[in-house]
């Protein structure tokens, strides 16, 4: 009665590739590879209505005033300016170190104040923000190259060097409290 | 002279395809991981501005989206810019407002990381900042201060 030991027949794996291809095509088609990109901004905390806002004496020279009106026109330090020149003037402001009288005392004290109208378009606002961030990025890059001989991008984010660069050029872009006109 | 005729008549050996499923599976797993299955129906037009200094978001699941733009179906919803959360239109304030939505989204995450959640405002180029400002004020009121203006990477055009 001894049963003949039968081998289980081998499973044909030839169509496995077809099945995998089918799934692959499905995921290929449904995948959206869009990356989340944009300008990162930190908002100021909401002011407590019961506490009056603290009066901070800001030396006028340390604040670069940027205004955008509802016609998307730019006013920097009360003078009209083209958007293409904004990066340059911002860099001049933060890298001034007390040289020119109407720009900042030092890079750490420099503030850019951005004020916009309710009618400003998102396009123009984001562009202007971009120019300001670009100015800071370029200033940081130059400082990193000069001090550490390396590009700021190559410095590890948490390293002391990168922190020193950020401390030297803190991105102080202040968005004004919205006002009703 | 027969040097070049050596292989004539002989068949090429068949290419071994046994590793093919492995390669395909590798690709498959990649796309499975990279796929985000549910894309909410977009109700508003959002042609984002193009700028040069964009940053990438590392943790996609830590981002909440607010879409702002003119409705795609203008015949039904008009042409004035509207706000969209997930699948539906919303308002700035009230029960269907920014605060409610972001608080709801925050509660889906463990408490430890709630402060790291970013709000991405994907606004159409043409939208006026007044509306964005109102949204920003609402976000400040509930202390969600990390913000991202969605933009695509490229050279700035005048």
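Laid out as a table, the results:
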read-out: Restricting segment A:94-119 to residues that are under 19 Å from the mean Cα position of the chain (by Cα) and closer than 16 Å to residue A:169 by Cβ, the residue that is surrounded by the most Cβ atoms within 10 Å (Cβ to Cβ); value: A:94
read-out: Residue in segment A:14-36 that is modelled with pLDDT under 85, under 30 Å from residue B:33 (Cβ atoms), touching a strand residue (DSSP E or B) at 6+ places or on another chain (Cβ under 8 Å) and at the interface with chain B (Cβ under 7 Å from one of its Cβ atoms) present; value: yes
read-out: Pair list, Cβ < 8 Å and 6+ apart or interchain, from segment B:28-40 residues that are modelled with pLDDT of 75 or more to residues that are part of a loop (DSSP other than H, G, I, E, B); value: B:31/A:31; B:34/A:31; B:34/A:33
read-out: Inter-residue pairs, beta-carbon under 6 Å, first more than 14 Å from chain B (Cβ to nearest Cβ) and in segment A:79-97, second in a helix (DSSP H, G or I), 6+ apart; value: A:94/A:139; A:95/A:139
read-out: Number of the condition not met by residue A:16 [criteria: (1) in contact with a helix residue (DSSP H, G or I) (Cβ under 6 Å, 6 or more places away or on another chain); (2) in contact (Cβ under 8 Å) with a residue 24 or more places away in the chain]; value: (2)
read-out: All positions within segment B:73-89 that are exposed (fewer than 14 other Cβ atoms within 10 Å of the Cβ), part of a loop (DSSP other than H, G, I, E, B) and touching a residue at least 24 places away in the same chain (Cβ under 8 Å); value: B:73, B:87
read-out: Test set (1) exposed (fewer than 10 other Cβ atoms within 10 Å of the Cβ); (2) within 7 Å of chain B (Cβ to nearest Cβ) - residue A:56 fails condition number; value: (2)
read-out: Selection count, segment A:119-152, where residues are part of a helix (DSSP H, G or I) and away from chain B (no Cβ under 12 Å); value: 9
read-out: Residue satisfying condition, being closer than 23 Å to residue A:134 by Cα and modelled with pLDDT under 90, within set B:111, B:153, B:93; value: B:153
read-out: Where residue B:73 falls short, out of the listed (1) out of contact with any strand residue (DSSP E or B) (no Cβ under 6 Å at 6 or more places or on another chain); (2) within 14 Å of another protein chain (Cβ to nearest Cβ); value: (2)
read-out: Selection count where residues are part of a helix (DSSP H, G or I), closer than 20 Å to residue B:44 by Cβ, within 7 Å of chain A (Cβ to nearest Cβ) and in contact (Cβ under 8 Å) with a residue 24 or more places away in the chain, scope segment B:100-143; value: 2
read-out: Single unsatisfied condition, residue B:96 versus (1) facing chain A (nearest Cβ under 9 Å); (2) outside any helix (DSSP H, G or I); value: (1)
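Table: residues versus (1) in contact with a helix residue (DSSP H, G or I) (Cβ under 9 Å, 6 or more places away or on another chain); (2) over 25 Å from residue A:126 (Cα atoms).
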residue	(1), (2)
A:22	no, yes
A:38	yes, no
A:55	no, yes
A:64	yes, no
A:71	no, no
A:76	yes, no
A:101	yes, yes
A:106	yes, yes
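The values are calculated or read from the model by the stated rules, or taken from the named source; none is laboratory data. Keep in mind the model is a prediction, meaning the values are calculated, not measured. We place every Cβ from the backbone using ideal geometry, glycine too, and count neighbours over all the protein chains shown.
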